[in-house]
Every structure is written in structure tokens, then in C-alpha cells.
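Worksheet for the structure shown next.
The values are calculated or read from the model by the stated rules, or taken from the named source; none is laboratory data. Just so you know, these numbers come straight off a predicted model, no measurement behind them. As a convention, Cβ positions derive from the backbone with ideal geometry for all residues, glycine included, and neighbour counts pool all protein chains shown.
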Amino acid sequence: MCNKYTQQQSYIQNHYSSVLNALFSVFGASSFTIQTTCIQESLIIWIKREILIAVLKFLKKISQPYVMLYDLHAIDERLRTHRDGLPKSDFTVFYHIISILRNNDIIIKVPLFEESLHIPTIVSVFMNADWYEREIWDMFGIYFKYRSNLRRIIMPKDWVGHPLRKEYPARATEFYPFTLNREKEKLAMEALLFKPEDWGMRKYNEDENFMFLNLGPNHPSVHGVFRIILQLSGEEIINCVPDIGYHHRGVEKMGERQTWHSYIPYTDRVEYLGGCINEMPYILAVEKLAGITVSDRIKVIRVMLSELFRINSHLLYISTYLQDVGAMTPVFLAFTDRQKIYDVIELITGARMHPAWFRIGGLANDLPKNWSTLLKKCLDWIPSRVDFYVKSVLKNSILKKRACGVGAYTAQDALDWGITGAGLRATGIDFDIRKVRPYSGYENFDFDIPIGNGISDSYSRVMLKVEEIYQSVRILEQCLQNMPMGTFKVDHPLTTPPIKEYALKHIETLITHFVQVAWGPIIPPNESLQMIEATKGINSYYLISDGGSMSYRTRIRTPSFPHLQQIPFVIRGSLISDLIVYLGSIDFVMSDVDR
């Protein structure tokens with residue numbers, strides 16, 4: 001069990017005393033309830049909805065302010081049994097805000113009851129709350145007052161029910177068989193019709209009629225099943241509406257039906273290019289709940305696999321970006337490079353894109369023989385190939401003229417929209433979770449974080465990813481030269497499955513193995529959060545255990561979701577061709593957006 005309450009209270013006193021004193025002096029200490037969890041590095045406070053806007057505005061303006069709304073979602077509390085010391089609540093809305101200067105977070109929770117399931121919108125305070133509020137309405141049916149366009153964002157417009165409510169089934173076998181008749185099809189097609197008036201758009205002005213163009217949801221330049229409705233004057237984009245949800249699989253809902261261990265394969269597929277990187281935040285969050293500390297060898301191997309996948313994802317991003325701009329050759333060459341990386345991953349894990357190889361308390365297996373030989377060959381190959389792409393294409397004057405200045409935004413814009421990863425760092429903000437909040441032993445590695453010069457545009461974002469590849473190679477070289485000794489799984493009762501050698505010799509271990517495989521480990525009740533620097537920005541898992549074999553609530557915050565929300569703000573006034581260049585530079589996949 002996570003018995004680190006004293007450490008968290010000490011952390012809060014050391015890092016949040018000034019913030020709490022300021023809040024208490026303005027709103028009164030009785031207005032706040034402080035929650036203690038496994039999330040040691042964050043302050044969690046409960047407040048009433050009547051003071052929500054005032055508290056958020058206050059925190060956004062204090063010294064070293066909380067300038068980014070990192071996440072916003074909800075919890076259906078009605079079936080939760082372990083809530084000792086918490087305010088009564090049927091549903092809880094939580095707001096996760098970050099101070100870059102303080103390098104810490106505050107999670108604000110607001111309790112709601114079924115008979116008055118509404119809360120004020122905070123779009124006037126944090127503009128990127130728009131999509132998050134629509135998602136909460138879609139998934140939970142919580143109404144946000146004083147805002148427009150509160151409509152479904154993930155589910156189809158004609159969908160019935162709110163999937164993340166506890167009474168909503170989690171398995172297809174719990175539904176009646178699906179049928180499609182002409183009436184249903186007609187209603188579904190009508191729901192896809194775009195009505196400009198619903199979005200505050202005019203069909204014409206005094207001089208001309210505007211054209212409305214569907215880009216996607218099946219188009220190579222939108223990098224997935226993604227639709228953007230463009231309002232055009234000639235080729236100039238007057239406005240646009242990103243339309244997501246075509247790739248939704250309900251992976252957060254699946255977290256409520258899968259055991260802690262059997263959920264691991266789902267994490268690979270949230271952002272399907274990241275592989276083991278996506279396993280990292282989930283595994284670390286579960287290990288916090290279970291009170292498991294892994295060995296240095298496990299940490300280093302996890303870092304090694306993560307950085308291999310980072311390079312692999314970046315190579316695909318860079319090459320497909322160049323393809324979007326018009327350079328065809330690099331994408332074919334980059335797949336040769338990626339094959340060499342997949343050879344290493346396959347040798348180690350037995351799989352390629354989706355290894356599902358990290359385990360609670362360790363790894364699926366130890367490193368195989370000759371892993372270092374193949375990794376060294378790969379590391380000898382990659383830097384020279386990246387050099388070739390830079391010299392032959394990325395420094396080409398035509399490409400630079402085409403990309404520089406397109407899709408540009410400032411540091412303040414990035415913070416306002418919740419942008420993370422290379423898009424944030426290109427604006428000059430030095431914020432990489434591997435450095436500022438090290439996990440899995442990243443603090444023991446020597447590497448640099450590439451930073452931009454103040455403006456994030458299509459070209460600077462790509463060049464930062466190039467530099468990140470070089471830094472990942474540095475990390476991998478250190479893994480190669482300094483791999484610690486030890487076992488690949490810790491000796492802890494909540495690791496699954498136990499080491500096979502023990503299970504074959506000891507009846508108690510065999511029984512434990514049988515129970516944990518059949519039912520899954522029983523994780524102590526608590527809440528946990530782990531943020532990591534994923535391939536496309538900051539990814540995190542917020543897990544709630546109610547003392548069972550499955551997660552009570554699995555919240556996945558992905559970077560691509562806020563990145564796509566920013567598109568209209570950045571691209572208004574540009575040409576359609578500029579939109580293609582801008583989209584290619586974001587680095588997103590729709591599985592990361594829709595989940």
C-alpha cells in the first residue's frame with residue numbers, strides 16, 4: 001500500500017505553503033479540503049463550485065502563476081466505497097493546472113450531486129477548457145453553464161447515454177445486437193451535416209459567399225481519421241472546425257473492466273507509434289499504488305526501450321512531414337532506418353509496434369543474448385542517416401521558405417492552449433518531464449533538451465525533433481555502456497506473474513500465480529498520477545483504485561488532444577496549403593486524440 005502520507009504532507013509544506021497561505025487569506029481555510037494520495041508531487045484540494053472561477057483566476061495571477069490547464073475531466077463516485085475523509089460527491093470534476101516557474105501542479109476537485117449536475121464553464125479563464133468540457137458532457141452528462149456549443153465531441157451526435165457513467169455497460173456482450181436500417185442510416189448521415197450557423201459562422205458577407213470544404217476524415221494529409229471543416233474565401237481560411245471522434249475505442253472505459261495487469265496491452269495502442277513509452281506512465285502509476293520500487297536494471301531497460309520508440313516515432317514524423325511538403329524520397333529511406341530499430345525491439349521483446357512488455361514491478365523477460373551487438377549497430381547507423389536528411393532536405397532553401405513562419409505561435413499561446421513537447425519547447429520554454437520531474441532513472445543520464453528561440457513554427461518544431469533524436473542516441477549509448485546487473489522483476493507479492501522458476505518450486509507461489517492471473521492483483525485503495533515525456537508531448541495516467549483487481553477510474557491525458565484544439569487559432573488567415581504544412585508539423589495520431 002502507498003504509505004507515504006507523511007512524505008506528501010512534508011512536500012506540500014515545503015512547496016505549497018505560500019500558495020495555501022495566499023488562498024486561505026482570500027477565501028478562508030474552511031473553503032478547502034486537502035486530499036492526501038500517492039500523488040506526492042501535487043497538491044489536491046477540494047472546493048465548492050461557487051468559488052471555482054475565483055480560485056482559478058487567483059491562481060493564474062499570483063506570483064509564479066499556474067498558467068496551464070493541463071487536464072480537466074470527471075469521476076463517477078457513486079459506486080466508490082473507499083472515500084474516507086473526502087467531501088460527499090456523486091460526480092467529481094477535477095482541474096489539473098501547472099505552474100512552469102514553480103514546476104509543480106495543483107489539482108482542484110469540485111463535488112457535484114445528481115440533482116444539480118452542473119458547473120460553470122472556465123473557458124473565460126483557460127481557453128483550452130473548451131474541448132475538455134465538451135468531453136465531460138459527452139462522457140458523463142455534466143452540464144457546463146454559461147457557454148455555447150456544448151455538444152458531443154467524441155461520440156456521434158445522435159448517441160444515447162454517457163459512456164463513462166458507472167451504469168453504462170463496459171462490454172459489447174452487455175448490449176443488444178447492433179442493427180442498421182435505412183432510417184438509422186439516414187439519421188446518422190444527417191448528423192454529419194455541417195451547419196455553419198451552429199458554430200457562429202456566416203455563409204456570406206457583403207461581398208461574397210464563403211465556401212465550406214470538408215478536409216478528411218479520409219485524407220492523407222490529416223494523418224488519420226480526422227475531419228476539418230474549412231470556411232474559405234478563395235484559398236484563404238477564414239475559420240475552421242476540427243471534428244474528432246472517428247477513432248474512438250473507449251480505452252478509458254476498458255480500464256474499468258480489465259485487471260491491472262491485463263490492461264497493459266491497451267496502453268500500447270493509445271498512441272500506436274510510441275509502443276513501450278505508452279506503457280511507462282501506466283506501469284509507474286500502478287507501482288505507486290502498490291508501493292513497488294524497481295531495481296536500477298529495470299529502470300534502465302525501460303528507458304532504453306522508450307528511447308528506441310522515441311527515435312522510431314520521430315523518424316516517421318520527420319519523413320512524413322517532408323512527404324507532405326513535397327519531398328517523397330525521405331519517407332522510403334526512413335522506413336529502412338525504422339526497420340533497424342524494430343529489429344532491436346523485436347529481439348528484446350519478441351514484438352514490434354505493440355510489445356506490451358513492461359510489467360507491474362518489472363519486465364516480461366530479461367535482455368536476450370547479443371542485444372548489445374544489435375543495438376550498437378543501430379546506433380552506429382542512425383546519426384549519419386539523420387545527418388543526411390538534414391543536409392539534403394531540411395536545410396534546403398526551398399523547404400525552409402515553405403515552412404518557416406507557417407503555423408507560428410508564441411510561448412503564451414502554447415501555455416494558453418496546453419501545448420507540450422516540442423511545440424512548447426520551440427517557443428523557448430525549457431520544460432521536459434525527463435529533466436524537470438525525472439522518472440525511471442532519467443536523472444542519472446547525461447543528455448540535453450533542445451530549446452527554440454521564442455516562436456514555434458512548422459520548421460522549428462521539426463528541427464527540434466531532429467535534435468531530440470541525437471539526444472536519444474546519447475541516452476541509448478549510456479544504456480549500452482552502463483547496463484546494471486540484477487533481476488528483471490522485483491520480489492513483491494503484487495507483481496504479475498511471479499518469476500516462473502519460483503512458481504514451479506513453491507506451492508504458495510503457484511497459488512499466488514494462479515489467483516493473480518485469473519483475478520489480477522488486488523491493489524490498495526488510493527489515487528495515483530504519473531506524467532512522462534512521450535513522443536508527442538506530455539502523457540499521463542490518473543488511476544483510482546477502490547481496493548479491487550481493476551481500476552475504478554482510468555484517466556488518460558494525451559498530448560495530441562489539446563494540440564488539435566489549437567488549429568483554428570493558429571491557422572486562421574492562412575492558405576489551405578499552409579494548413580497541410582502546419583498539420584504535418586504537429587506530430588499527432590488520432591488514436592492519441594480519441595482514445
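Residues in the range 109-120 that are buried (at least 20 other Cβ atoms within 10 Å of the Cβ) and not in a strand (DSSP E or B): none.
One residue alone among Ile311, Ile348, Ile283, Ile301 is in a helix (DSSP H, G or I) and under 24 Å from Met550 (Cβ atoms), and that residue is Ile283.
Tallying residues that are out of contact with any strand residue (DSSP E or B) (no Cβ under 7 Å at 6 or more places or on another chain), touching a residue at least 40 places away in the same chain (Cβ under 8 Å) and assigned to a loop (DSSP other than H, G, I, E, B) within the range 522-567 yields 6.
The single condition from (1) assigned to a helix (DSSP H, G or I); (2) aromatic (Phe, Trp, Tyr); (3) surrounded by 22 or more Cβ atoms within 10 Å (Cβ to Cβ) that Trp137 fails is (3).
Screening Leu504 on (1) of a type in the set (A, V, I, L, M, F, W, C); (2) within 25 Å of the chain's Cα centre (by Cα); (3) within 30 Å of Gly548 (Cα to Cα) shows it passes everything except condition (2). The single condition from (1) surrounded by 20 or more Cβ atoms within 10 Å (Cβ to Cβ); (2) under 25 Å from His15 (Cα atoms); (3) modelled with pLDDT of 95 or more that Ile106 fails is (3). Applying the condition of being in contact (Cβ under 8 Å) with a residue 60 or more places away in the chain and among the polar types (S, T, N, Q) to the range 205-241 and asking which residue is nearest to Asp130 (Cα to Cα) yields Asn239.
Taking every residue in the range 245-273 that is under 19 Å from Ala351 (Cβ atoms) and modelled with pLDDT under 90 and pairing it with any residue that is acidic (Asp, Glu) and not in a loop (DSSP other than H, G, I, E, B), at least 6 positions away or on another chain, the pairs with Cβ-Cβ distances below 6 Å are Glu271/Asp592. Taking first residues from the range 411-429 that are of a type in the set (Lys, Arg) and partners that are not in a helix (DSSP H, G or I), the Cβ contacts under 8 Å between residues at least 6 apart in sequence or on separate chains come to Arg425/Phe431; Arg425/Asp432; Arg425/Ile449; Arg425/Pro450; Arg425/Ile451; Arg425/Gly452.
Considering only the range 255-270, how many residues are closer than 21 Å to Asp592 by Cβ, out of contact with any Gly (no Cβ under 7 Å at 6 or more places or on another chain) and not in a helix (DSSP H, G or I)? Break it down into steps so the answer makes sense when it comes.
Restricting attention to the range 255-270, the residues satisfying the condition of being closer than 21 Å to Asp592 by Cβ are 255-256, 258, 263-270.
If we keep only those that are out of contact with any Gly (no Cβ under 7 Å at 6 or more places or on another chain) as well, we get 255-256, 258, 264-267, 269-270.
Now restrict to residues that are not in a helix (DSSP H, G or I): 255-256, 258, 269-270.
The total comes to 5.
Can you tell me which residue within the range 516-554, out of those that are within 19 Å of Arg302 (Cβ to Cβ) and hydroxyl-bearing (Ser, Thr, Tyr), is surrounded by the most Cβ atoms within 10 Å (Cβ to Cβ)? Across the range 516-554, the extreme among qualifying residues is Thr535. Ile238 satisfies every condition listed in (1) among the β-branched types (Val, Ile, Thr); (2) surrounded by fewer than 22 Cβ atoms within 10 Å (Cβ to Cβ); (3) part of a loop (DSSP other than H, G, I, E, B); (4) touching a strand residue (DSSP E or B) at 6+ places or on another chain (Cβ under 9 Å) except (3). Filtering the range 164-178 for residues that are in a loop (DSSP other than H, G, I, E, B), at pLDDT 90 or above and either closer than 20 Å to Tyr70 by Cα or touching a Cys at 6+ places or on another chain (Cβ under 9 Å) (or both) leaves an empty set. Restricting attention to the range 197-217, the residues that are surrounded by fewer than 11 Cβ atoms within 10 Å (Cβ to Cβ) and not small (Gly, Ala, Ser) total 7. For the range 456-498, the set of residues classified as assigned to a loop (DSSP other than H, G, I, E, B) and either outside the structural domain of Phe431 (by TED's automatic domain parsing) or polar (S, T, N, Q) (or both) consists of Asn482, Thr487, Thr495, Thr496, listed by residue number. Could you please let me know if Val222 is among the β-branched types (Val, Ile, Thr) and surrounded by 14 or more Cβ atoms within 10 Å (Cβ to Cβ)? Yes: the conditions hold for Val222. Of the residues that make up the range 455-478, is at least one surrounded by fewer than 19 Cβ atoms within 10 Å (Cβ to Cβ) and at pLDDT below 90? Yes, the range 455-478 has at least one match.
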